[in-house]
1. For residue 63, only one of the following conditions fails: (1) in contact with a strand residue (DSSP E or B) (Cβ under 6 Å, 6 or more places away or on another chain); (2) within 17 Å of residue 130 (Cα to Cα). What is its number?
2. Being out of contact with any strand residue (DSSP E or B) (no Cβ under 7 Å at 6 or more places or on another chain), touching a residue at least 24 places away in the same chain (Cβ under 8 Å) and outside any helix (DSSP H, G or I) is true for just one of 75, 103, 48. Which residue is that?
3. State all residues of the range 51-65 that are touching a residue at least 12 places away in the same chain (Cβ under 8 Å) and either under 16 Å from residue 121 (Cβ atoms) or exposed (fewer than 14 other Cβ atoms within 10 Å of the Cβ) (or both); if no residue qualifies, say none.
4. Name the residue, out of 68, 108, that is more than 15 Å from the chain's Cα centre (by Cα), in contact (Cβ under 8 Å) with a residue 60 or more places away in the chain, assigned to a helix (DSSP H, G or I) and farther than 19 Å from residue 14 by Cα.
5. Of (1) more than 20 Å from residue 58 (Cβ to Cβ); (2) buried (at least 17 other Cβ atoms within 10 Å of the Cβ), residue 78 satisfies all except one. Which?
């Protein structure tokens, strides 16, 4: 499980998840999500007091799970497709559950986040697969 290709694929996925999430959610689309997030959810968010250690650990766990599943189940020539399916699970599957259970954001925000998750995880899967395949034995 902890082969060179797995560890390096995990690290590549982590970098994309951690930095890509920050770039998209905090820089590019912050205004959009602020406009579509409920006031109740805004009151519960940490705002400027985000604990980056736990964001990094969560990104690392996701990257490790993706790299493990990719190594065991995926078509090695299509990390983009693998990542998109992972994004479908996380973004659309869990997103629909969250939308149904919590007053977090309106339907427009939720739909944009569903689509973004598929794209975001597809990019992550592509990067992870490229690095993992390069170092596969």
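1. (1)
2. 103
3. Keep residues of the range 51-65 that are touching a residue at least 12 places away in the same chain (Cβ under 8 Å), which gives 55-56, 59-60, 62-64.
Hits for the range 51-65 are 56, 59, 60, 62, 63, 64.
4. Working: 68 fails: farther than 19 Å from residue 14 by Cα.
Every option except 108 fails the conditions.
5. (2)
No lab work stands behind these numbers, since they all come straight from the coordinates. No experiment lies behind these values; they were computed from the predicted model shown. Neighbour counts are summed over all protein chains in view; Cβ atoms, including those assigned to glycine, are modelled from backbone coordinates with ideal geometry.
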